[in-house]
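Since the structure comes first, as structure tokens, the remarks are kept for the end.
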Ligand SMILES: Nc1ncnc2c1ncn2[C@@H]1O[C@H](COP(=O)(O)OP(=O)(O)O)[C@@H](O)[C@H]1O
Ligand SMILES: Nc1ncnc2c1ncn2[C@@H]1O[C@H](COP(=O)(O)OP(=O)(O)O)[C@@H](O)[C@H]1O
Ligand SMILES: [Mg+2]
Ligand SMILES: [Mg+2]
């Protein structure tokens, strides 16, 4: 009863496997994550919208799925590629089996694929479009991959973000924060609410005026999918709030904030996705093991991609000076910056974890301290 | 923080002899540390009593002391070498305890030695179970409910609060020695008593049981700037209750959701910070209840450990190497990850394969031993396997064990199989697989084992469809620490089965030589062979070829990717080795250094057309086939003890008549004297045959047993044309005690020059006749004026490292050069390798104290796990050092108990006399007492055990006896002798079971009276010409 299928990449490379999950094809940008656990958190992370996700860890589904591990209300990936998948609904904390759940979520998946070869290919050729197909004719598959819009210039925030204002942490005793929901993760909301934050989630196309209408204590720029360069309207909104309110951003939010400051973003060859990237906090000199999920990054002050020294290098921005606060020790890319002339700070990685290490949770406290200070 | 310049000279303490719970992993970590510290420009002073280690090779340290790991000798080394710092975290519990002792007795302060890696407080906080608990509670972490007791009475008081079953764990013991699971009040008293005894500080912990919970280990690293990373998570497939060292384990953890795993991670970091290990690696163990999400901390080891070696091999992250750099001031981000070269060590490895570790047991060698697995470690070695999936790794690990005889599951009925699972034993997974194959359900097995269902489902699939996981092509993948996110530069490979995969091996142009390792450590095949393989790798590299290592033992130096140009972590079966040969296309394969394991593959490899280096396959068979070997001896005119071969009971009885009693009987093709026994008459023979002759047509050998003969071991080199004898070792115990278990002396202490010459001639004659190219080991028995050949092994022997260190010539390297084509004449070997002014003694270390119920008696079946070396200017002192190093510290006074068989009574007098002259009080059983008194040695009579108290066992237990001399009157369970020896072992009182051993011991005691022995470094011993230099 195994359903033969294959993965096809836009450069024609093909990997054989057996289909599982929903009975349909799935296309998108082919990306991989190196995290060894947290498969459910990953596929429900809105930042993965428009992508087909390959897991480098070979065994997926071992502990089933449960409501507690949802990062949003649904699965966002367009497909899942695995070396070996199991459907364990009898695992201690499982509420459902992984494969049943994927199928119920209408998401196609493929197992038995040599994901290591796939990753080595993407590593050397860079990320590209691809898809999961039944072993029908390769021609139509190729057509479908071509038809898939490339990630560059793609606006997915509108697709995954909220359409109406949502109130979280109602009755909390902490600051009032207005967030632009370009695809915010549950874990971020939870980290804030746990700290008493009263959080209002606004649609991506909210205007600065609406955002500031309720006079929040701070503005938060969420994570999310797609190309920051395609979100000019959000960048405009952000330009309208920087300097007026403390601004904080994570991942896409960080990129949008930086564009609002007038900085450049660029596409990484194959992105950062996993739970083991070392990032140095230049304020304390401490190293955090971080949860990462991004395909674009912010350019260094010299316009290059790397910052060679562990130094708080500076940018001259439209809103004054910005200083490097965090750097990635793997490829020396920008991981975070602090605004010196106006209140605000952003990070490229995911301090909220979900999945991944908790080393960076302190950032939420740092954030709230600054809000209270402001 | 950069390298520290305020320290210049660093002392490293090794872990001593291989014992259960402390094996080759500490040679691996020690060697890495030595390399790194010297690269960093520090001087290294090394102390380790174990000659079979690579770390004690003179080229790995500036000063190498093969001395007992006891405060006295180590303090003497400190006084002599004046190190600035002591790094105690690489030599296991032994080094840690020693460092504690040296701190407590003021030695470190006196000589201004700083503890680096972990300070006294941190060690104490982690190792003292009570302080550890306080520390954890203060840090807000939970542990199983528990109570501390320093007496049985105190322990009983806590029983109600803790309840049964209860886990009893002695403080400061290795591998849980002396601990256990008490299911009844009776067991409780027994185990508590044993535990108090075993604990150096007489303290036991009584824990509430969490049997059946999941057991997890995390390997943590911390640097001086308080950066912490988790190198690897390890999940024990065997739940809580089976010691991690005895558990089948898998990396990374498989069954925890991310959120729960992250909690473990957070707690592990809290633990290392709370304990205060400033720099280095630690191992933190947890019990997890996956149903409720409860997490309990079980323990932490503030040092590298068996698990950290496993984690290093599993991920490619060299924990010990990094720990050493951290200890001298670097931070994790200042150290490059040598696998990617472009990324720093301040990261957490992520892997895209599965690793399974499997323990190797040796219960068959310890008749009467309790073979149930428990909280007290009993395995003697381990094998690791890497696969793309769990099933691949598990199946590879299973065959990596190289069991001598497959688990007897075929004879068991389905119900027997299931029932056998309720109490975990060495064969449990074999039984479990057989049960599944026989249709058992996951639930049935889960009820009996509480093993997580995920594992059980995987194993059931594997049992039912063993082929499926191996569909697709077998290709070699790199171990790269990063799941292919970056390019790997370090050539460390494993094979996996995938569809459409390609080999990642970049073979290069150089010719390569494959070295086959020894596989899992086991009794009879230990670290000595790994030592030889590592030397082979070094030599192959020096010769300008690529050294390619194939092995599956995660503890070893040979499986350090730094040791060879390419490492293949693979099982040592024909199929697996041929797979490596396919990608390597080696110029040749070296089989001679890995013990029996590679030799078994010789024929198969030759048939497959793989070129073999060194001694011809033919010679191996010639030496192992008794008939052919006998004829060869006749041709040479050498004598062997009369022997016969029989295939049935009848044949054996008649043959016995011709050969003549006493007889040494054994099945054909055994290593380490497996199932070898001495029988004195036909009844004894019949009894043996009844137990050992299975009508499988396999032969039984009967040899005339040469009583009280002197056994001699010879290691020599041969290039096919010329032979060179490197070392002649005279055994202290008489022939009949397996060569691996008897102490031996180099140069021989009581053989005349003429006999030595005969030995030399015959050893050389044999090697040439066998056509040896490389190493050869010959064993002789000197019986009166006669010389008998016992056996010849045309391969590296157990004694090669010992001899190499004793004579200062690295035999394995020389042998490897010969195999690569050089002639003996070209090697610049000294004419008189034994002509030094020092004596070397090798002593075996026995594991009896770990096997309740087993007899602590030496015999023709090898049972030692490791060895130590003692070097001094004279024999008695060297012997005393060896004894001390082996843990049998000879008393300098007190009361000696002597009881010997009639045939030994005369000989016992000499021992009694010396002890008397040394002022010992002597007690003896009636017969022995009479013999002593008759020769004017005063002795008090003691009741025999049957005849009520106070008998000797009472005296031993009350600590009144400090030395026991007891030669066996026929072995067997529960004889008086058995009880005496067990009591002595339990108390750690030296127990000499042979006359010659007894004599050597009393002479050593006398020598010790001349004051503390001088400590000698190998470098100073071999400064004479013709020694180490010629090896370079
Ligand atoms: N409270 C407990 N309940 C059940 N099993 C336990 C308990 N504590 C320890 N064990 C078992 O005993 C083994 C040895 O205990 P541990 O504290 O790790 O001692 P060691 O220092 O020998 O490693 C553990 O691996 C675990 O399987
Ligand atoms: N004929 C004999 N007389 C006395 N002792 C013997 C005799 N043959 C063997 N032994 C003893 O048995 C031990 C093991 O025998 P050996 O042939 O060396 O087996 P293995 O292959 O296990 O080393 C030897 O070390 C020696 O002490
Ligand atoms: Mg332990
Ligand atoms: Mg032998």
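The values are calculated or read from the model by the stated rules, or taken from the named source; none is laboratory data. Remember, predicted model here, so these are calculated numbers, not experimental data. Glycine also receives a Cβ, built like all others from the backbone with ideal geometry; neighbour counts cover every protein chain displayed.
Details
- Test: residue B:282 is buried (at least 23 other Cβ atoms within 10 Å of the Cβ), in contact with a strand residue (DSSP E or B) (Cβ under 6 Å, 6 or more places away or on another chain) and under 30 Å from residue A:283 (Cα atoms): yes
- Test: residue in segment B:224-243 that is out of contact with any strand residue (DSSP E or B) (no Cβ under 9 Å at 6 or more places or on another chain) and more than 13 Å from ligand 3 (Cβ to nearest atom): yes
- Single condition residue B:985 does not satisfy, out of (1) in contact with a strand residue (DSSP E or B) (Cβ under 8 Å, 6 or more places away or on another chain); (2) assigned to a loop (DSSP other than H, G, I, E, B); (3) modelled with pLDDT under 80: (2)
- For residue B:376, the criteria (1) at pLDDT 95 or above; (2) within 30 Å of residue B:866 (Cβ to Cβ); (3) away from chain A (no Cβ under 14 Å); (4) touching a strand residue (DSSP E or B) at 6+ places or on another chain (Cβ under 9 Å) hold in every case but one, which is (1).
- Candidates B:156, B:194, B:131 - the one that is over 30 Å from residue B:371 (Cβ atoms), in a helix (DSSP H, G or I) and either more than 16 Å from ligand 4 (Cβ to nearest atom) or within 14 Å of chain A (Cβ to nearest Cβ) (or both): B:131
- Evaluation of residue B:447 against (1) in contact with a helix residue (DSSP H, G or I) (Cβ under 8 Å, 6 or more places away or on another chain); (2) in a helix (DSSP H, G or I) (one fails), failing number: (1)
Residues checked against (1) exposed (fewer than 14 other Cβ atoms within 10 Å of the Cβ); (2) more than 23 Å from residue B:891 (Cα to Cα):
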| site | (1), (2) |
| --- | --- |
| B:919 | yes, no |
| B:947 | yes, yes |
| B:951 | no, no |
| B:959 | yes, no |
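- Selection of segment B:699-715 for residues being away from ligand 4 (no atom under 15 Å from the Cβ) and either touching a strand residue (DSSP E or B) at 6+ places or on another chain (Cβ under 6 Å) or within 14 Å of another protein chain (Cβ to nearest Cβ) (or both) yields B:699, B:700, B:702, B:708.
- The lone exception for residue B:352 - which of (1) more than 16 Å from ligand 3 (Cβ to nearest atom); (2) part of a loop (DSSP other than H, G, I, E, B); (3) under 27 Å from the mean Cα position of the chain (by Cα) it fails: (3)
- Which listed residue is away from every other protein chain (no Cβ under 14 Å) and crowded, with 23+ Cβ neighbours inside 10 Å, from B:365, B:357: B:357
- Residue check, residue A:91 within 11 Å of chain B (Cβ to nearest Cβ), part of a helix (DSSP H, G or I) and under 23 Å from residue A:41 (Cβ atoms): no
- Restricting segment A:131-158 to residues that are under 19 Å from the mean Cα position of the chain (by Cα) and buried (at least 23 other Cβ atoms within 10 Å of the Cβ), the residue that is farthest from the other protein chains (Cβ to nearest Cβ): A:157
- Any pair with Cβ under 6 angstrom, 6 or more apart, that starts in segment B:550-563 at a residue that is at positive phi and ends at one that is at pLDDT 95 or above and part of a strand (DSSP E or B): none
- Strands (runs of 3 or more DSSP E) (entirely within segment B:584-682) containing at least 3 residues that are more than 21 Å from residue B:715 (Cα to Cα): B:643-646, B:663-667, B:677-679
Let's see how each residue does on (1) buried (at least 20 other Cβ atoms within 10 Å of the Cβ); (2) over 27 Å from residue B:218 (Cβ atoms):
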site: A:274; (1), (2): yes, no
site: A:288; (1), (2): yes, no
site: A:320; (1), (2): no, yes
site: A:325; (1), (2): yes, yes
site: A:328; (1), (2): yes, no
site: A:343; (1), (2): no, yes
site: A:353; (1), (2): yes, no
site: A:369; (1), (2): no, yes
site: A:374; (1), (2): no, yes
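- Total residues in segment B:254-279, condition touching a strand residue (DSSP E or B) at 6+ places or on another chain (Cβ under 8 Å), at the interface with chain A (Cβ under 8 Å from one of its Cβ atoms) and outside any helix (DSSP H, G or I): 3
- All positions within segment B:784-811 that are within 30 Å of residue B:666 (Cα to Cα) and under 21 Å from the mean Cα position of the chain (by Cα): B:795, B:796, B:797, B:798, B:799, B:800, B:801, B:802, B:803
- Count of residues meeting criterion [crowded, with 19+ Cβ neighbours inside 10 Å, more than 7 Å from chain A (Cβ to nearest Cβ) and touching a helix residue (DSSP H, G or I) at 6+ places or on another chain (Cβ under 8 Å)] in segment B:332-348: 1
- Residue match in segment B:765-784 (condition: in a loop (DSSP other than H, G, I, E, B), surrounded by fewer than 19 Cβ atoms within 10 Å (Cβ to Cβ) and within 16 Å of ligand 2 (Cβ to nearest atom)): yes
- The number of residues in segment A:41-68 that are part of a helix (DSSP H, G or I), facing chain B (nearest Cβ under 8 Å) and in contact (Cβ under 8 Å) with a residue 40 or more places away in the chain comes to 1.
- Of the residues making up segment B:718-737, at least one is in a loop (DSSP other than H, G, I, E, B), on the phi > 0 side of the Ramachandran plot and under 29 Å from the mean Cα position of the chain (by Cα).
- For segment A:150-186, residues that are farther than 23 Å from residue A:374 by Cα and in contact (Cβ under 8 Å) with a residue 60 or more places away in the chain total 16.
- Meets criteria (away from chain B (no Cβ under 14 Å), modelled with pLDDT under 95 and buried (at least 20 other Cβ atoms within 10 Å of the Cβ)) for residue A:226: yes
- All positions within segment B:930-945 that are touching a strand residue (DSSP E or B) at 6+ places or on another chain (Cβ under 6 Å) and either loosely packed, with under 15 Cβ neighbours inside 10 Å or over 15 Å from residue B:914 (Cα atoms) (or both): B:940, B:942, B:943, B:945
- Test for residue B:479: is it within 14 Å of another protein chain (Cβ to nearest Cβ) and within 23 Å of residue B:355 (Cα to Cα): yes
- Any hit, segment B:719-735, residues being over 26 Å from residue B:968 (Cα atoms) and either within 16 Å of ligand 4 (Cβ to nearest atom) or within 14 Å of chain A (Cβ to nearest Cβ) (or both): yes
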